[in-house]
Each structure stands twice: as structure tokens, then as C-alpha cells.
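A.B. asks: Dropping a structure here in C-alpha cells format, bear with me for questions.
The values are calculated or read from the model by the stated rules, or taken from the named source; none is laboratory data. None of these values were measured; they are calculated from a predicted model. Methodologically, a virtual Cβ is constructed for each residue, glycine included, from the backbone with ideal geometry; neighbour enumeration extends over all protein chains shown. Each accessible area value is taken on the protein alone, full model and side chains, heavy atoms only, with ligands, DNA and RNA left out. Shrake-Rupley method; radii C 1.70, N 1.55, O 1.52, S 1.80 Å.
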Amino acid sequence: MEMRRRYTWHIFQSIEYSGEQAQIKLYNFLGYLMDNFTPSSSERNLISHIFRENDVCRDAEWERYFCYKNIEVPEIYSGPHLCFPLTVEQAICLVEAFRNKKQLHSRYVLQLLLETWKLLRMLPNISRISTCHSKEITICGDLHGQLEDLLLIFYKNGMPSLEKPYVFNGDFVDRGKDSIEILLVLFAFLLIYPTEVHLNRGNHEDHIINLRYGFTKEVLMKYKMHGKRILKLLQKIFSWLPLATVIDQKVLVLHGGISDSTDLGVLAKVDRHTYVSALRPPKKKKFQSSTGTSIDSDMDDDWANHRLLQRRASLTCVKPLGSRDSFLNRSLQDFSDRLKVNVEDELKLCQQRAALVHLGGFGVEKEGQASFDSVASDNAKEEWKQILDLLWSDPMTQDGCIPNELRGGGCYWGPDVTEDFLNKHNLQLIVRSHECKQDGYEFCHNRKVLTLFSASNYYDVGSNRGAYVKLGPNLVPYVVQYRASSMTRELTARQSVGQTERSALKVLREQLFSHKSDLICAFKRFDCDNTGTVSVTDWASAVESVMRLGLPWRMLRSQLVSGKSADGPIDYQQWFNELAIKGANADHIDQCLLETLYRHRSTLETIFRIVDTDNSGFISPSDFHQTWKLLSVYLKMEITDEAISELAVAIDSNRDGAIDIDEFMEAFRLTDKKSRLERGRSMFMGTVTDLAGLDQCEHI
């Protein structure tokens with residue numbers, strides 16, 4: 001049972017982290033296009049809007065854009081009504097409304113978010129709080145859109161109040177189906193109790209990550225008319241969330257972790273709001289016209305020096321890269337051979353652009369002048385590294401500090417780094433989140449680092465407990481565990497492991513199918529006589545050589561491959577026929593393309609979401625074609641125009657000339673029933689059955 005529990009966990013976690021790495025790699029690739037293509041290129045036009053992060057409008061101008069006063073609330077609206085300043089009674093009513101599956105009107109959403117933004121702009125980067133007034137502080141880890149977990153915490157521990165302060169440690173959104181409701185509840189209590197409720201930023205409070213993991217889709221689905229404004233305002237809010245919290249000068253609470261260069265002094269002085277996405281350093285140069293309008297020049301000092309702009313870092317690494325510094329400063333040369341451009345022509349255009357800026361070009365008045373951020377480039381790079389490490393890092397058992405190759409961002413740090421950091425800052429404990437743990441929590445580094453995860457049943461029902469921690473004046477953590485679902489109440493430990501294992505195996509079968517071509521090549525190396533079969537030992541070796549998951553494949557053979565004999569030869573072609581995708585329109589599509597689509601469907605949907613600039617859920621055939629061209633360059637493979645046209649025809653069944661993104665993604669999947677991980681926590685949102693209310697929750 002313990003072996004089954006461990007490999008089940010390994011399957012889920014490996015797939016989760018590979019998704020994060022894929023998203024970071026995709027964003028780096030798109031950033032490379034932005035940095036190396038001319039503004040007039042079609043590729044750049046498609047993606048440029050997601051890089052407009054440093055809009056330099058005055059706050060008052062943004063507040064006019066986010067204005068809610070012209071939005072009317074109809075008389076038939078039955079949800080909660082808010083008036084400001086908020087009261088405790090209103091916050092409690094909001095909680096009850098969300099528990100009863102009601103939705104807050106967009107007028108009140110924008111108003112609440114605006115008030116939150118105003119408050120957050122006044123807060124320091126590092127919140128400092130004390131147990132002396134309340135006697136006890138409650139810390140919560142990742143919630144990931146699982147409202148039922150937050151409601152259960154409030155049920156067991158009490159709602160925030162003057163006597164019941166809380167620290168929520170990031171990753172409020174994505175994967176779950178109620179991310180916006182969680183944010184609204186937390187922001188409401190923050191406005192009422194600004195000195196008792198503290199919110200730290202997580203790595204998922206990032207609009208680039210939200211594109212892949214469901215929050216963007218959730219908001220646009222729930223608020224079709226004003227969703228775009230809500231998302232833009234949330235970008236602002238996320239960038240203003242504090243980075244960490246210190247309790248009694250001894251306990252540091254942050255989302256991801258630390259590195260051997262983490263310095264609280266540096267973090268306390270960072271202009272945190274400039275890091276709208278922690279995955280890309282903020283631009284330093286703006287171009288300002290005589291009218292006062294600021295325009296991103298999309299340039300760096302390197303352009304002026306007549307050199308191609310290289311990205312400051314690549315967060316994705318496939319092989320060990322040596323020192324941590326070389327990892328963070330690695331350029332994206334691995335993408336350069338995928339771009340069919342004439343580098344000399346691009347260089348000339350870049351030189352012309354740089355010259356135009358010095359002359360006041362780009363259609364701007366001559367008195368326009370380039371303005372620079374006050375922070376020097378070295379300092380900016382150091383600040384960015386500090387924030388990246390804080391949001392993305394994980395602890396490891398061995399000493400040292402190395403790149404976090406599994407996630408693709410941040411670092412792994414060891415017990416020696418923890419010890420040095422605590423001594424340097426006169427601290428005694430680090431409380432962090434960021435990693436799902438089966439018991440909801442885990443101590444490491446001689447009990448000086450505590451990982452806390454509050455989203456129960458994260459991978460599947462019964463997969464893990466959630467937990468929160470209570471800290472009193474003695475600063476000894478008291479952990480409370482729970483599982484917010486009645487569905488596990490009657491399951492024995494063996495049944496719970498079995499249910500989670502079945503879900504993990506479904507996900508694993510999908511991954512195996514999506515690597516069909518590579519696996520067949522691996523099998524053929526063992527099948528020298530071309531019999532179409534391999535021994536169990538060779539099958540296990542071939543699968544591990546491709547998948548690299550470190551799983552006990554021989555033991556899994558009976559659950560992954562049908563057959564009477566446990567040790568008999570495996571017909572690998574027949575095995576893949578059992579795994580094949582069977583969609584209504586898939587028979588006319590090239591099987592290699594189908595495999596590519598399935599393996600990279602999350603990346604493909606992310607690009608769809610980026611191309612869908614008006615957030616309608618539909619894209620035109622021409623944009624569909626351009627999306628696949630982007631994907632083909634990204635994957636370094638040829639996808640013919642004919643194949644793309646066949647895909648477009650296959651999915652546009654009603655022939656209305658528009659392609660429904662959701663229908664397209666749903667049209668290609670394995671015949672297996674969706675796992676809980678996919679139903680509620682991936683890009684396919686809104687299909688999970690509502691979980692039971694608080695009165696049905698299991699208490700542990």
C-alpha cells in the first residue's frame with residue numbers, strides 16, 4: 001500500500017511540475033519573439049498584448065478605466081449587495097452567498113477590487129505582525145480556488161476578526177473552480193481588518209500562469225461583460241500583494257522559499273508592483289510624448305549598443321547548467337534556430353529603431369524623451385532574482401542551492417542555506433507553501449522549515465489532507481488537518497489509496513499515449529526481429545527511457561497493459577490501440593498531428609487564450625492557422641497547411657466561420673472519464689460536481 005501511495009503521488013506531482021515548466025518555457029519563447037521580431041510582424045502582433053505589463057498611466061487614469069458607477073444592478077439580482085466601507089455583517093453575508101453558489105454582481109466586484117487596490121498600495125513589502133494582542137495567529141497555505149476548504153477553515157477556526165488574525169500564504173487562484181470567490185472573501189476581510197488579515201503573493205498570482213491553469217477562463221466565464229476589466233484590475237492587485245510576513249520578528253512566512261542570495265533588506269525595498277509577472281524582469285525604458293502618454297519602447301540598453309536583445313534569463317532547463325548564476329543568466333539561444341528570420345535584417349531594423357528613439361521617432365514629438373527607471377540594471381536583475389526565488393523555490397534534503405529544474409523556475413535550497421539565512425536575519429522558523437503534501441504539512445531542515453498546504457483532495461478525492469497552523473506567543477506550530485469532502489468519510493485507507501491510484505493511472509495512460517512515437521522507437525530498439533512484441537523487462541526499460549518518471553513499471557504493467565500472463569511478451573502496437581484517442585472527428589486527422597495536439601494541448605489552449613484578444617472564446621480560422629504556426633515553431637516541427645485546415649474543418653461543425661476554443665479542446669481526449677485533477681484543476685473548468693456544504697464536511 002505504501003508503494004502504491006508513493007508512486008501515485010509521484011505520477012501526479014511529476015505531471016503537475018512538468019506543466020509549470022511547460023508554461024514557463026512557452027512564456028520565454030513568446031518573450032523571445034517579442035524581443036527579436038519587429039513590431040510589424042504578425043507573430044509579434046498576436047502576442048504583444050500580454051506583454052503590456054508596465055502601462056504607465058497615472059493611478060487616477062486607471063481608476064477611471066475601472067470605474068463601476070455606470071454599471072447598473074438589475075432588480076432581479078438576488079445576490080449580496082455591498083456598500084462601502086464594508087462591515088463585518090456584509091462580509092459574512094458574502095461568505096454565505098458564495099456557500100450557496102450565488103454570484104456577486106460585477107459592479108460590486110469592481111468596487112471591492114478598487115478599494116482593495118487602494119489599500120494594498122499603502123502596505124509594505126514585508127508585513128510585520130505580533131501575537132501579543134491576539135495571542136494566536138492562523139496561517140493558511142495554498143487554496144487554489146477550492147472554496148470548500150476556506151469555508152471549512154472558517155467553520156473550524158472562526159472567521160477573521162480582531163481576536164482571530166490570519167495570514168494567507170498565496171496561490172489563492174487557479175485549478176479550482178471558485179478562485180474569484182476566494183479572492184473576494186479574502187479582500188473583503190482585508191478591507192475590514194487591515195491589521196489582522198495578511199495576504200502574501202504566490203507564484204499563481206500571475207496573469208501568465210492564470211492563462212494556463214484556469215483563473216482567466218473562470219473570470220471570463222462568470223463575468224462575460226466586464227471580465228476583461230476585472231482581470232486587468234486583478235493584475236494590478238496581484239502585483240501589489242505583499243511578498244512576505246514576519247511574526248514576532250522570529251517566524252518568516254512566504255510562499256515559495258529562499259536561496260543562498262535571499263536578503264530581506266533587498267526585498268523590503270523592491271518596487272514590487274513593477275513585477276506584474278515574476279517570470280520576466282520589468283522593462284527599464286519608456287518613451288514619453290509631449291502629451292504625457294507613456295509608450296513601451298520594447299527596447300533595452302542593448303539595442304542602443306547595436307546588439308540583439310537577449311533575454312535576461314531562461315527559467316527552463318532540461319540539462320544541468322552548472323552554477324546557479326549561469327542558470328539565471330542563460331539566454332534563449334535554444335529558441336533562435338526555430339525562428340526563420342534573417343538575423344542581419346533584424347539587426348539593421350533594431351539599429352534603426354534605436355536611432356529613431358534617440359531622435360524622438362515612432363511618430364512622437366521631438367521634445368519626447370526616453371525615461372529610465374531609477375534602479376540600475378544590476379540592481380533590477382538582483383531584485384528580480386529575489387522575487388523569483390521567493391515565489392518559486394522548494395527545499396531539498398542535501399546542502400547547497402541549485403536551479404529548480406523540475407518546475408523550471410526558482411531554486412532548490414538545502415539545510416545549510418536555511419541555517420545561514422535564519423542566523424543572518426535572527427529568525428527561528430520559515431513557514432512556506434507551494435507544494436502539495438499528503439498530510440497537508442511537512443517539516444524539514446531540522447524542523448526549521450514548515451511546508452503548509454490548505455487545498456485538500458488536490459489531485460483527487462482522498463489524495464491529501466489540507467492543513468492550517470496556529471501560532472501562539474511561544475511560536476510553536478500547532479497543526480490542524482482536515483479533508484473538505486464527505487466523499488471520503490466512508491472510505492478505508494486501502495479504498496482511498498485505490499481510488500487515488502486509479503485516477504493517477506488514467507492520467508498516466510494519457511501521458512503514455514501522447515509519447516506514442518517516442519515509445520514505439522524505444523520498443524523497436526529492443527524488438528530486433530520486428531515481431532511487434534517485447535518482453536516485460538524490455539517494455540519497462542523502454543518506457544522509463546522515454547518517460548523518465550522513475551516509476552516501478554514492472555509492477556504497473558498489469559494495470560497499464562491488458563493480458564493474461566504477467567510475464568509474457570507485450571504486443572506494443574495493440575497496447576497503443578487500447579490507449580488511442582477516439583473522437584468523433586479524429587479519424588480524418590493525421591495521427592502524428594493528433595498525438596502532438598494531445599501531448600501539448602495545455603500549451604495549445606494557452607496560445608488560443610492569448611490569441612483570443614477580445615476574450616470571446618472564439619477565434620477566426622486565420623488566427624487558428626497562426627496559432628498552429630506559432631506552436632510548430634515552438635515545438636520545432638513541421639505542421640502542414642493542409643493538416644491545419646483539416647483540423648479547422650473538423651472542429652467547425654456548424655460552419656459559422658469561428659472556432660470555439662472549448663469545443664476544440666474537448667473534441668480530443670481519451671475515452672477514459674476525466675480525472676478529478678483534470679475536471680476541476682486544469683484548463684477544463686466548470687464541469688466538476690459541486691461538493692457538499694459545510695454540514696456534510698468531514699472533520700478530522
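A.B. asks: Of these, LEU677, LEU630, LEU647, which one is at pLDDT 70 or above, under 26 Å from ILE24 (Cβ atoms) and not acidic (Asp, Glu)?
C.D. replies: Criteria check complete, one pass: LEU630.
A.B. asks: Right, next: On the given criteria, is SER541 touching a residue at least 12 places away in the same chain (Cβ under 8 Å) and either of a type in the set (S, T, N, Q) or open to solvent by 20 Å² or more (accessible area, probe 1.4 Å) (or both)?
C.D. replies: Yes.
A.B. asks: Then there's this: When you check SER48 against the structure, is it open to solvent by 10 Å² or more (accessible area, probe 1.4 Å) and closer than 16 Å to THR606 by Cα, yes or no?
C.D. replies: Against the criterion (open to solvent by 10 Å² or more (accessible area, probe 1.4 Å) and closer than 16 Å to THR606 by Cα), SER48 qualifies.
So that you can scan it fast, the table gives a plain yes or no per residue for (1) under 28 Å from the mean Cα position of the chain (by Cα); (2) within 26 Å of ASP439 (Cα to Cα); (3) at pLDDT 95 or above:
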{"residue": "PRO80", "(1), (2), (3)": "no, no, no"}
{"residue": "GLU89", "(1), (2), (3)": "no, no, yes"}
{"residue": "ILE92", "(1), (2), (3)": "no, no, yes"}
{"residue": "LEU104", "(1), (2), (3)": "yes, no, yes"}
{"residue": "TYR108", "(1), (2), (3)": "yes, no, yes"}
{"residue": "LYS118", "(1), (2), (3)": "yes, no, no"}
{"residue": "PRO124", "(1), (2), (3)": "yes, no, yes"}
{"residue": "HIS133", "(1), (2), (3)": "no, no, no"}
{"residue": "ASP142", "(1), (2), (3)": "yes, yes, yes"}
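A.B. asks: To continue, here is another question. Mind listing just one residue for me: the one in region 215-273 that is within 27 Å of ASP378 (Cβ to Cβ) and of a type in the set (Phe, Trp, Tyr) and, of those, surrounded by the fewest Cβ atoms within 10 Å (Cβ to Cβ)?
C.D. replies: Out of the qualifying residues, it is TRP240.
A.B. asks: Against the condition under 19 Å from GLN90 (Cβ atoms) and open to solvent by less than 10 Å² (accessible area, probe 1.4 Å), how does LEU190 come out, does it pass?
C.D. replies: So LEU190 fits the description; yes.
A.B. asks: Next question, about the same structure. For the condition under 29 Å from VAL449 (Cβ atoms), open to solvent by 10 Å² or more (accessible area, probe 1.4 Å) and among the β-branched types (Val, Ile, Thr), what is the one hit in ILE139, ILE126, ILE182?
C.D. replies: One residue alone meets the criteria, ILE126.
Let's see how each residue does on (1) open to solvent by less than 20 Å² (accessible area, probe 1.4 Å); (2) touching a helix residue (DSSP H, G or I) at 6+ places or on another chain (Cβ under 7 Å); (3) of a type outside the set (A, V, I, L, M, F, W, C):
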| residue | (1), (2), (3) |
| --- | --- |
| LEU86 | no, yes, no |
| LEU110 | yes, yes, no |
| MET122 | no, no, no |
| GLU148 | no, no, yes |
| SER161 | no, no, yes |
| PRO165 | yes, no, yes |
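A.B. asks: Give region 404-420 a look and list any residue that's surrounded by fewer than 23 Cβ atoms within 10 Å (Cβ to Cβ) and in contact with a helix residue (DSSP H, G or I) (Cβ under 9 Å, 6 or more places away or on another chain), or say none.
C.D. replies: Once the filter is applied, which keeps residues that are surrounded by fewer than 23 Cβ atoms within 10 Å (Cβ to Cβ) and in contact with a helix residue (DSSP H, G or I) (Cβ under 9 Å, 6 or more places away or on another chain), region 404-420 yields GLU405, LEU406.
A.B. asks: Something else: Residues of region 231-284 being of a type in the set (A, V, I, L, M, F, W, C), over 19 Å from the mean Cα position of the chain (by Cα) and part of a helix (DSSP H, G or I), which ones?
C.D. replies: LEU264, VAL266, LEU267, ALA268 - these are the residues of region 231-284 that are of a type in the set (A, V, I, L, M, F, W, C), over 19 Å from the mean Cα position of the chain (by Cα) and part of a helix (DSSP H, G or I).
A.B. asks: Mind checking which residues of region 15-44 are surrounded by fewer than 19 Cβ atoms within 10 Å (Cβ to Cβ) and farther than 18 Å from GLN626 by Cβ?
C.D. replies: Passing the criteria: ILE15, TYR17, SER18, GLY19, ALA22.
A.B. asks: Does region 247-254 contain at least one residue that is modelled with pLDDT of 90 or more and touching a helix residue (DSSP H, G or I) at 6+ places or on another chain (Cβ under 8 Å)? Steps first, answer last, please.
C.D. replies: Looking only at region 247-254, we keep the residues that are modelled with pLDDT of 90 or more, and these are 247-254.
If we keep only those that are touching a helix residue (DSSP H, G or I) at 6+ places or on another chain (Cβ under 8 Å) as well, we get 252, 254.
Within region 247-254, one or more residues are modelled with pLDDT of 90 or more and touching a helix residue (DSSP H, G or I) at 6+ places or on another chain (Cβ under 8 Å).
A.B. asks: Next question, about the same structure. Working only within region 163-173, note down all residues that are at pLDDT below 95 and in contact with a His (Cβ under 8 Å, 6 or more places away or on another chain).
C.D. replies: Hit for region 163-173 is GLY170, nothing else.
A.B. asks: Keeping to region 193-211, report how many residues are of a type in the set (A, V, I, L, M, F, W, C), open to solvent by less than 10 Å² (accessible area, probe 1.4 Å) and part of a helix (DSSP H, G or I).
C.D. replies: 2
A.B. asks: Would you point out the residue of region 421-454, among those that are out of contact with any Ser or Thr (no Cβ under 9 Å at 6 or more places or on another chain) and assigned to a loop (DSSP other than H, G, I, E, B), that is most open to solvent (accessible area, probe 1.4 Å)?
C.D. replies: My answer is ARG447.
A.B. asks: Related question: Spot the failing condition for CYS93; the list is (1) closer than 19 Å to MET221 by Cβ; (2) open to solvent by 70 Å² or more (accessible area, probe 1.4 Å); (3) outside any loop (DSSP other than H, G, I, E, B), and only one is missed.
C.D. replies: Just one mismatch for CYS93, condition (1).
A.B. asks: Something else about it: Looking for whichever is open to solvent by 60 Å² or more (accessible area, probe 1.4 Å) and either part of a loop (DSSP other than H, G, I, E, B) or at pLDDT 95 or above (or both) here; the options are GLN351, GLN398. Which one fits?
C.D. replies: Working: GLN351 fails: either part of a loop (DSSP other than H, G, I, E, B) or at pLDDT 95 or above (or both).
Step by step, each of GLN351, GLN398 is checked, and only GLN398 is open to solvent by 60 Å² or more (accessible area, probe 1.4 Å) and either part of a loop (DSSP other than H, G, I, E, B) or at pLDDT 95 or above (or both).
A.B. asks: Restricting to region 220-230, name every residue that is touching a residue at least 40 places away in the same chain (Cβ under 8 Å) and of a type outside the set (Gly, Ala, Ser).
C.D. replies: LEU220, MET221, LYS222, TYR223, MET225, HIS226, LYS228, ARG229, ILE230
A.B. asks: Determine which single condition CYS528 fails, assuming it passes every other condition in (1) closer than 24 Å to VAL507 by Cβ; (2) without any contact (Cβ under 8 Å) to a residue 60 or more places away in the chain; (3) out of contact with any Gly (no Cβ under 9 Å at 6 or more places or on another chain).
C.D. replies: (1)
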